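Take a look at the structure below.
The values are calculated or read from the model by the stated rules, or taken from the named source; none is laboratory data. Just so we're clear, the structure is a prediction, and the values are computed from it rather than from any experiment. Counting neighbours? That spans all protein chains shown, and the Cβs are built from the backbone with ideal geometry, glycine included. Note: areas computed on protein heavy atoms with side chains; ligands, DNA, RNA excluded. Shrake-Rupley method; radii C 1.70, N 1.55, O 1.52, S 1.80 Å.
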Amino acid sequence: MEQKWPQEIWLVRHGQSAGNVARDLAEAAAGHRIDIADRDVDVPLSELGEQQSEALGAWFAALPPHQRPNVVLHSPYVRAAETANILMQRLERDELLCVLADERLREKEFGVLDRLTTHGIAHHFPDLYEQRHHVGKFYFRPPGGESWCDVILRLRSVMDTLERDFCGERVLIVAHQVTVNCFRYLFEHLDEAKILEFDRAGDVPNCSVTSYEFDPNHGKRGDLALRLVNFVAPLEATGTPVTVAKDLPTSPKA
């Protein structure tokens, strides 16, 4: 049976961003708005996000050369592009087969709810707040924004690209939390209930790795088999040695 998938795919959420920090502060203070002036696309990494990216780059560099990524696809959002660039510094960028910023990997668009906290949505858009709870985040589409289904629809075309252009290659994808979850929905053939169960268990950690490896014995015709879920490389500043992890438990928790 001819292989149609990349040999390995790593899904990475970008490192902690300035927006993540501002959101956490706003939510903790029960504020209505996330205090950040940048467009979502322009939000950079925080200092911790840079350290997380360096640690993950060291983890990838510790892999044997024939097991490291040779293709890098990333969201064009600054925080994802910065994460990818830091990783590529450890991967010897000149040796990569392809590096591509792909707008289909962007964050879910929030429309009129952009930069609002949960408290802010309830205060400023009570009808939408009620509708979101009734419909559920998988299908709810805020005005001017996207549902998870909308994200999944654009990622289906990314899957076509992976099959057509990168069959047999080792592909690193750097994107966002919802993007990672929606890829899991597609790669693992999940349903709404299962992927939302994973989402409720906790956020996808910043700079975490979820990975898949092509297994010719998986399924009837060979398929991507889950290997890592939300693996986080230890920060180098702690002095903890970077180790290569494979086949970790597949708990959705961080």
List the equivalent ellipsoid semi-axes of region 140-234 in whole Å, largest first, each obtained as the square root of 5λ for an eigenvalue λ of the Cα gyration tensor.
22, 17, 14
Could you look at region 8-232 and say what percent of its accessible area is carbon and sulfur, using a 1.4 Å probe and all protein chains?
48
Cα extents of region 57-127 along the three principal axes, largest first (Å):
53, 22, 16
For region 8-232, what is the percent of antiparallel DSSP beta bridges, rounded to the nearest 5?
50
For region 115-156, what is the convex hull volume of the alpha-carbon atoms per residue, in Å³?
71
Heavy atoms only, 1.4 Å probe, whole protein assembly: order HIS74, HIS123 by accessible area, highest first.
HIS123, HIS74
Distance between region 153-189 and region 98-147 - C-alpha centres, whole angstrom:
21
To the nearest 20 debye, the chain has a Cα-centred charge dipole, built from +1 on Lys and Arg Cβ and -1 on Asp and Glu Cβ, of 400
Could you check which residue among CYS207, CYS182, CYS98 shows the biggest mean-square fluctuation in a GNM of the chain with a 10 Å Cα cutoff?
CYS98
Binned at 10 Å starting from 0, the alpha-carbon pair-distance distribution of the chain in whole percents comes out as 7, 30, 37, 19, 6, 0
